[in-house]
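Scroll down for the structure; my scribbles are underneath it.
The values are calculated or read from the model by the stated rules, or taken from the named source; none is laboratory data. Note that this is a predicted model, so its numbers are computed, not measured. Please note: Cβ atoms are built from the backbone with ideal geometry, for glycine as well, and neighbour counts cover all protein chains shown.
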Amino acid sequence: MTTPTTPVLGTRRVCQIAVVVRDIDRAARHWSTFLGLPIPPTITTASGDKVGQTYLGEPSNARCKLAFFQMDNTVIELIEPLGGASSWQAVLDEKGEGVHHIAFTITDTAGRTRSLAEQGLSVMHQGGDPATGQFTYIDSRDKLGVIVELLEGYK
């Protein structure tokens, strides 16, 4: 038996599981039926240059459509890429529709990303506004089998 340690992200609470899809309207209908929940509104994100978005260290103007199913214990997010270089499109191209990331609400994005870099986990895709919310996708696929998202400041 291993001894429990402090979690790397400072939390063990998953706030979101995201699925990348080709057609968000179709996917939302299927998830709605499966979950017994109403179809949520679809949100189209601002272009990446408006939110300081980068992908693999380079500026990205990527956009996507999002839909959020509020569950009792977490959120299921659907993501449909709308063009531009992004982890959303890369995962869809490489693996097809499926899980894109597991998200955790954190504080101190800069400090967390430094700690993760020391463990060989690099920033893949990020953006947002520190005043209203930032997202950071960590390329943890080799070690964890999935991308990890750090969410800071979102309500």
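For region 92-105, the tally of residues that are among the small types (Gly, Ala, Ser) and either at pLDDT below 95 or in contact with a helix residue (DSSP H, G or I) (Cβ under 9 Å, 6 or more places away or on another chain) (or both) stands at 1. Reported count of residues in region 67-106, each being polar (S, T, N, Q) and over 16 Å from the mean Cα position of the chain (by Cα), is 1. One residue stands out among those in region 86-109 that are surrounded by 17 or more Cβ atoms within 10 Å (Cβ to Cβ) and of a type in the set (A, V, I, L, M): the one that is farthest from Val21 (Cα to Cα), which is Ile106.
Scanning region 55-85 for residues that are β-branched (Val, Ile, Thr) and crowded, with 18+ Cβ neighbours inside 10 Å, we see that the one that is farthest from Arg12 (Cα to Cα) is Ile79.
Could you grab me the full set of residues in region 19-30 that are within 30 Å of Leu116 (Cβ to Cβ) and touching a Phe, Trp or Tyr at 6+ places or on another chain (Cβ under 9 Å)? Within region 19-30, Val19, Val20 meet the criteria. Of all residues in region 84-102, none are touching a Gly at 6+ places or on another chain (Cβ under 7 Å) and in a strand (DSSP E or B). In region 106-138, the residue that is farthest from Pro59 (Cα to Cα) out of those that are modelled with pLDDT under 90 and assigned to a strand (DSSP E or B) is Gly133. Inspect all residues belonging to region 110-123 and state whether any of them is in contact with an Asp or Glu (Cβ under 6 Å, 6 or more places away or on another chain) and under 24 Å from Val8 (Cβ atoms). Yes, that holds for at least one residue. Determine whether Gly52 is at pLDDT below 95, at positive phi and surrounded by fewer than 17 Cβ atoms within 10 Å (Cβ to Cβ). Yes: the conditions hold for Gly52.
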